[in-house]
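The values are calculated or read from the model by the stated rules, or taken from the named source; none is laboratory data. Being a predicted model, the structure only gives us computed values, none of them experimental. Side chains included, ligands, DNA and RNA excluded: accessible areas come from the protein's heavy atoms. Shrake-Rupley method; radii C 1.70, N 1.55, O 1.52, S 1.80 Å.
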Amino acid sequence: LAVVFIGDGAPAGNYGYTNSGYSVYEEENDRLTESLRTKVSAIKSLSIEIGTEVKNQNKMLSEMDNDFDSTTGLLGATMGRLRTLSRGSQTKLLCYMMLFALFVFLVTYWIIKLR
């Protein structure tokens with residue numbers, strides 16, 4: 001009688017279950033484990049790429065936010081100058097019209113007086 005210990009003389013990876021159905025299950029488990037490892041690796045690299053893209057997009061959005069803030073300030077200052085200019089030009093326009101009317105009145109008076 002020979003005593004055989006589990007694993008003695010059995011091929012590596014079968015753990016002594018060569019004649020039973022367990023080797024089939026172990027091979028399937030190994031295959032599924034490798035498939036899962038490959039999928040996890042792909043998901044990991046994809047999530048790293050997504051993280052990098054998110055960082056780049058956040059940086060670009062931050063730069064755009066700063067640009068919009070500076071543009072808003074510049075536009076606000078320009079609108080303030082336009083309001084000041086429009087208020088002043090109304091007064092100047094009214095003054096020019098009154099001077100023109102006075103000039104026309106004086107020229108008309110001078111022409112009537114010369115007759």
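Overall, the accessible surface of the range 26-88 at a probe of 1.4 angstrom is composed of carbon and sulfur to the extent of 62 percent.
In plain terms, the chain from Glu26 to Thr108 could stretch by 17.8 nm, reckoned as 0.36 nm per residue minus the Cα-Cα distance. Our summary of shape: the Cα atoms of the range 26-88 have principal axis extents of 91, 11, 7 Å, ordered from largest down, in whole angstrom.
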